[in-house]
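A.B. asks: Got a structure here, written out as structure tokens. Questions coming.
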Amino acid sequence: MKIRDIESERIKNLPIYMFQEINSRKLQLRREGKDIVDFGMGNPDKPPPTPVIEKLKEVLKDPKVHRYSVSKGIFNLRKEIVNWYIKRFGVKLDPEEEAIVCIGSKEGISHLALAIFDKGDVVLVPNPTYPSHLYSAIISGATIYDMPLTKENNFIPDLSQPIYDRFPKPKAMILSYPNNPTTQIVNLDFFKEVVRYAKKNDLIVIHDIAYSEIYFSDECKPHSFLEVDGAKSIGIEFYSLSKTYNMAGWRVGFAVGNKYIIRALAKLKSYYDYGIFTPIQVAAICALRIDEKYIEDVRETYKRRRDVLVEGLNKIGWNVEKPKATMYIWAEIPEKFKKLGSMKFSLYLLENANIAVSPGVGFGKYGEGYVRFALVENENRIKQAIRSLKKIFNS
């Protein structure tokens, strides 16, 4: 064996990370002294609410909390999770069997794939999608079947039409609304259709609801898939504290729903980790109990940035609609630049306008023709970016 051939087959089969070229060039330009306005990664730039930070500092002083924690999460946090679900969605859950804490939802989704998928299992995955939805299934050995999300279907899969008619039949379907990267939202009727479809086709549903609290009007307030009667019998839902509470680096997420799926995830996690640092879990309890005004501040921040960016883009001739939820803008590449494709266009913006965005193809082949802006720069920086864009649009 040669050491350069050490990678396992599952790693060898992974494609090159699509954002690597953008990130490498961005770092190089910064080292050259260029001021890059970075809309690339959905990495919140604000701190968590002050009470959450103070709670962490308080708990850190207890010498007992520095020992190993619990793989599935401390009971009081799981209890708070189910309380939050009752208050927010009216969904009742058992903290012992129907809730589990994850080291961020990315870890939870990835380990769930290893826990429930075998080589050859077919998984229906939206395209474009958050990369972990796709690659967690691929790493597990499952076979991916795309559910295209396009402008023509309003970025929502049409479950009234045949999706998959091959053998073996699919084992699971992954969904995420509000959606990253397309920003699309759905109503409760869509989730009712999902449950009907899953029961008819004997499917597990995995729903990622990471952006449920970042919406810009009460009319667009997102629903939980678990609000539908019977949903708990066929699926689970993941949530993350990263975006709602500006706690991305804290790595706190959770999954709730079907007890057998939760049990499978808990069994695998018991071999992989001892859970999140206990003070962080206690601070997460504080976050879930926090006054709504803190979350409203987060929404208002993203709404202001959304408005400045979208209105600025439209003013210079880049026609983009305002999203109803999430912290992103999903922007179709203007016609005069469309022939470049999303990767070359993203590099073009980086080189010529000092602006970093995510190429749509990085989220799947059906993301080609788009770029994603993350609303993680303040209004002044956004205006700076618009001025730079205006120059290259007029050239």
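The values are calculated or read from the model by the stated rules, or taken from the named source; none is laboratory data. As the structure is a prediction and not an experimental result, all values here were calculated from the model. Here Cβ is always computed from backbone atoms with ideal geometry, including for glycine, and neighbour counts include all displayed protein chains.
A.B. asks: When residues of region 131-146 are filtered for being surrounded by fewer than 22 Cβ atoms within 10 Å (Cβ to Cβ) and either in contact with a strand residue (DSSP E or B) (Cβ under 8 Å, 6 or more places away or on another chain) or not assigned by TED's automatic domain parsing to the domain that holds ALA172 (or both), how many remain?
C.D. replies: Step one: filter region 131-146 for residues surrounded by fewer than 22 Cβ atoms within 10 Å (Cβ to Cβ), giving 131-132, 134-135, 138-141, 143-146.
Remaining after also requiring either in contact with a strand residue (DSSP E or B) (Cβ under 8 Å, 6 or more places away or on another chain) or not assigned by TED's automatic domain parsing to the domain that holds ALA172 (or both): 134, 138, 143-146.
Counting residues in region 131-146 that are surrounded by fewer than 22 Cβ atoms within 10 Å (Cβ to Cβ) and either in contact with a strand residue (DSSP E or B) (Cβ under 8 Å, 6 or more places away or on another chain) or not assigned by TED's automatic domain parsing to the domain that holds ALA172 (or both) gives 6.
A.B. asks: With the condition kept exactly as written, say whether any residue in region 253-261 is surrounded by fewer than 23 Cβ atoms within 10 Å (Cβ to Cβ), assigned by TED's automatic domain parsing to the domain that holds LEU203, of a type outside the set (Lys, Arg) and in contact (Cβ under 8 Å) with a residue 40 or more places away in the chain. Steps first, please.
C.D. replies: Residues of region 253-261 that are surrounded by fewer than 23 Cβ atoms within 10 Å (Cβ to Cβ), as a first pass: 258-260.
Subset that is assigned by TED's automatic domain parsing to the domain that holds LEU203: 258-260.
Keeping just the survivors that are of a type outside the set (Lys, Arg) gives 258, 260.
With in contact (Cβ under 8 Å) with a residue 40 or more places away in the chain added as a condition, the list becomes 258.
Checking region 253-261: at least one residue is surrounded by fewer than 23 Cβ atoms within 10 Å (Cβ to Cβ), assigned by TED's automatic domain parsing to the domain that holds LEU203, of a type outside the set (Lys, Arg) and in contact (Cβ under 8 Å) with a residue 40 or more places away in the chain.
A.B. asks: Please verify whether region 143-153 includes one or more residues that are in contact with a Ser or Thr (Cβ under 9 Å, 6 or more places away or on another chain) and either farther than 18 Å from ASN179 by Cα or among the aromatic types (Phe, Trp, Tyr) (or both).
C.D. replies: For region 143-153, residues in contact with a Ser or Thr (Cβ under 9 Å, 6 or more places away or on another chain) and either farther than 18 Å from ASN179 by Cα or among the aromatic types (Phe, Trp, Tyr) (or both): absent.
A.B. asks: Which residues, counting only those in region 232-256, are more than 16 Å from SER110 (Cα to Cα) and assigned to a loop (DSSP other than H, G, I, E, B)?
C.D. replies: Within region 232-256, ILE234, LEU241, SER242, LYS243, THR244, TYR245, ASN246, MET247 qualify.
A.B. asks: Is it the case that some residue within region 99-111 is farther than 22 Å from LEU268 by Cβ and in a helix (DSSP H, G or I)?
C.D. replies: Restricting attention to region 99-111, the residues satisfying the condition of being farther than 22 Å from LEU268 by Cβ are none.
Within region 99-111, not a single residue is farther than 22 Å from LEU268 by Cβ and in a helix (DSSP H, G or I).
A.B. asks: Mind telling me which of the residues ARG387, ARG306 ends up being more than 23 Å from ASN23 (Cβ to Cβ), surrounded by 15 or more Cβ atoms within 10 Å (Cβ to Cβ) and among the basic types (Lys, Arg)? Break it down into steps so the answer makes sense when it comes.
C.D. replies: Numbers: ARG387 fails: surrounded by 15 or more Cβ atoms within 10 Å (Cβ to Cβ).
The unique qualifying residue is ARG306.
A.B. asks: Which one of VAL122, VAL101 is more than 30 Å from VAL371 (Cα to Cα) and of a type in the set (A, V, I, L, M)?
C.D. replies: Details: VAL122 fails: more than 30 Å from VAL371 (Cα to Cα).
Within the list VAL122, VAL101, the selection yields VAL101.
A.B. asks: Can you tell me which residue is farthest from MET327 (Cα to Cα) among those in region 85-132 that are among the charged types (D, E, K, R) and under 22 Å from the mean Cα position of the chain (by Cα)?
C.D. replies: Only one residue tops the list, namely GLU98.
A.B. asks: Given the options LEU114, LEU149, name the one that is under 26 Å from GLU9 (Cβ atoms) and either surrounded by fewer than 18 Cβ atoms within 10 Å (Cβ to Cβ) or at pLDDT 95 or above (or both).
C.D. replies: On inspection, the qualifying residue turns out to be LEU114.
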